[in-house]
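Every number in this text was worked out from the coordinates using simple rules, so none of it is lab data. Everything numeric here is computed off the predicted structure, so don't read it as measured data. So basically every Cβ, Gly included, is an ideal-geometry build from the backbone, and we count neighbours across all protein chains shown.
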Amino acid sequence: MFGRDKIEYKTTEQVRLMRRAGLVVADALAAVRAQVRAGMTTGDLDAIAADVIREGGAKPSFLGYYGYPATLCVSVNDEIVHGIPGSRVLAPGDLVSVDCGAIIEGWHGDSAMSLVIPDADSLDVELVDATETAMWAGIAALATSDRLSGVGDAVEDSVDATQVAGANGAVRYGLIQEYVGHGIGSEMHQAPDVLNYRTRDRGPKLRPGMCLAVEPMLVRGARATQVLEDDWTVVTGDGSRAAHWEHSVALLEGGIWVLTAADGGAERLAALGIKVAPLAD
Ligand code: MF3
Ligand code: CO
């Protein structure tokens, strides 16, 4: 779907610009999280993010990307990714995944979060939390692995470790394979692909200057996907609900830095025994 070529290794100055873009994305998602309510439309969420991006001196990166018509992707319930915001009215209990990208001086940030609108079904909240946990496990692997395949191993291990109650005993979440993370920098999607599952291919060596978007998608049912008539919206084949989390991460000489997290990933990674290594201001 997306053009990919050689790995682009960033200078520290380029990473600083990506941090600025990342913080605008973080602000946009925080604004959406603070304001989202049942009764709003998915288009209302798009407008909230568009305002924050403009006020932050950035440009939305999704708008116009291969003809994509909005600032956000907003994917509701059985929609996994690439849902187009519009007139859909959000209802209590909806599981909403919000994906946002912004550009500053040509450098990109890309991040996604999922949430459930009150009153939430606890099984949906567990799915959202398991997906976020799997993302942080994948991000942590960028600090502890020497090869990119460590991310997929860590995400899959995290999903394996989270057994959920099913009708016939414990089941595992479905882990989407058709959509993957990616390098990010002077374009939103770059080499290398960042898989969320285990493979034999160990992938490229992890080196300082790489910037990678880690973005697992989990579903409460089977991992089969389908694309709707709009040619964008990806839904589960079985109607089960889906969650999606994403952060853009820089690999630096001293360690990793989560560019799209306000705290650089410090809190979540400390819990995994990893100290983040932000560039000094
Ligand atoms: N941001 C998505 C990703 O995480 C891609 C969005 S596709 C677009 O890679 F067309 F909406 F831009
Ligand atoms: Co992405």
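Brief remarks on what is shown
- Residues of segment 114-149 that are surrounded by 24 or more Cβ atoms within 10 Å (Cβ to Cβ) and not in a helix (DSSP H, G or I): Ser114, Leu148.
- Take the conditions (1) within 15 Å of ligand 2 (Cβ to nearest atom); (2) in contact with an Asp or Glu (Cβ under 8 Å, 6 or more places away or on another chain); Leu175 misses just one of them, which is (1).
A quick yes/no check of all residues on (1) within 21 Å of Val25 (Cβ to Cβ); (2) within 15 Å of ligand 1 (Cβ to nearest atom):
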position	(1), (2)
Ala102	yes, yes
Gly106	yes, no
Ala112	yes, yes
Val128	yes, no
Thr131	yes, yes
Met135	yes, yes
Gly138	yes, yes
Asp153	no, no
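- Residue satisfying all of: in segment 155-179; buried (at least 19 other Cβ atoms within 10 Å of the Cβ) and in a loop (DSSP other than H, G, I, E, B); nearest to the chain's Cα centre (by Cα) among these: Ile176
- Qualifying residue in segment 254-272 (condition: closer than 23 Å to Tyr68 by Cβ, within 16 Å of ligand 1 (Cβ to nearest atom) and buried (at least 24 other Cβ atoms within 10 Å of the Cβ)): yes
- When the residues of segment 218-230 are filtered to those that are out of contact with any helix residue (DSSP H, G or I) (no Cβ under 9 Å at 6 or more places or on another chain) and in a loop (DSSP other than H, G, I, E, B), the one that is surrounded by the most Cβ atoms within 10 Å (Cβ to Cβ) is Arg223.
- For segment 176-193, the tally of residues that are farther than 21 Å from Lys59 by Cα and either more than 10 Å from ligand 1 (Cβ to nearest atom) or aromatic (Phe, Trp, Tyr) (or both) stands at 7.
- The listed residues are Val194, Val155, and the only one of them that is among the hydrophobic types (A, V, I, L, M, F, W, C) and in contact with an Asp or Glu (Cβ under 9 Å, 6 or more places away or on another chain) turns out to be Val194.
- Reported count of residues in segment 198-218, each being in contact with a strand residue (DSSP E or B) (Cβ under 9 Å, 6 or more places away or on another chain) and among the basic types (Lys, Arg), is 3.
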